[in-house]
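The values are calculated or read from the model by the stated rules, or taken from the named source; none is laboratory data. Everything numeric here is computed off the predicted structure, so don't read it as measured data. All Cβ positions, even for glycine, are placed from backbone atoms using ideal geometry, and neighbour counts span all protein chains on display.
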Amino acid sequence: MAVVVSVIVSFLLFAYGRWKQRLWDYPDALFCKERSVRVVDDGKRNWKNEIKEIRKLDMQFTKHFKKQIRSRRISLIEIKNAIQNGKIIQGHAPGEYGNNEDPVRVILGYGNQCRSLHIVVAIRYDALMLVTAYEPDMEIWEKDFKTLKKRG
């Protein structure tokens, strides 16, 4: 019984520490009626510092990511170079896309022969989760590949 209680207490302390860390990461968070944390902005003001931290994180790959880079003929070396030399161009708050609890960023970087790449990443507490990578489409993006074209 004592072991079960200690395991439960340890888990609760871990969960509280992670929740508290998320609040610290997002100082603009507000409490909603549901008592959940909601981030008001996309974190753009912190992107310059954030990209430096992203470059230090260990990379993890989703199955979707592996499938997409194979079919799009993008090498891991290109991905690493694009992250090391790229800039964040979009940010999405936790929960903005489905049930993803991590902030999502789109990084614009360059691969072989200076081809433009967008790398979509989720920033986890201890790692960088690579979600997908693609060459930006000229019909959707402006010439700078940073700005979405206006619809309509």
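Exactly one condition in (1) at pLDDT 90 or above; (2) in a loop (DSSP other than H, G, I, E, B) is not met by residue 78; state its number.
Among (1) at pLDDT 90 or above; (2) in a loop (DSSP other than H, G, I, E, B), residue 78 violates only (2).
Of all residues in segment 122-152, which are more than 20 Å from residue 73 (Cβ to Cβ) and assigned to a strand (DSSP E or B)?
Listed by number, the residues that qualify are 122, 123, 127, 128, 129, 148.
Hey, any hits in segment 134-152 for a residue that's in contact (Cβ under 8 Å) with a residue 60 or more places away in the chain and more than 10 Å from the chain's Cα centre (by Cα)? If you could, list the steps in order and put the result at the bottom.
Residues of segment 134-152 in contact (Cβ under 8 Å) with a residue 60 or more places away in the chain: 134-135.
If we keep only those that are more than 10 Å from the chain's Cα centre (by Cα) too, we end up with 134-135.
Yes, that holds for at least one residue.
Can you tell me how many residues within segment 99-141 are closer than 16 Å to residue 87 by Cα and among the acidic types (Asp, Glu)?
Residues meeting the conditions: 1.
What residue, among those in segment 100-120 that are part of a loop (DSSP other than H, G, I, E, B) and not charged (D, E, K, R), is surrounded by the most Cβ atoms within 10 Å (Cβ to Cβ)?
First, pick out the residues of segment 100-120 that are part of a loop (DSSP other than H, G, I, E, B): 100-103, 111, 115.
Next, only the ones that are not charged (D, E, K, R) stay: 100, 103, 111.
On the way: 100: 15, 103: 22, 111: 20.
Only one residue tops the list, namely 103.
If you take the residues of segment 20-75 that are under 17 Å from the mean Cα position of the chain (by Cα) and of a type in the set (Asp, Glu), which of them is modelled with the highest pLDDT?
Ranking the qualifying residues of segment 20-75, first place goes to 58.
Buried (at least 17 other Cβ atoms within 10 Å of the Cβ), in contact with a strand residue (DSSP E or B) (Cβ under 7 Å, 6 or more places away or on another chain), at pLDDT 95 or above and within 17 Å of residue 47 (Cβ to Cβ): is that true of residue 123 in this structure?
Numbers: buried (at least 17 other Cβ atoms within 10 Å of the Cβ): yes; in contact with a strand residue (DSSP E or B) (Cβ under 7 Å, 6 or more places away or on another chain): yes; at pLDDT 95 or above: no; within 17 Å of residue 47 (Cβ to Cβ): yes.
In short, no.
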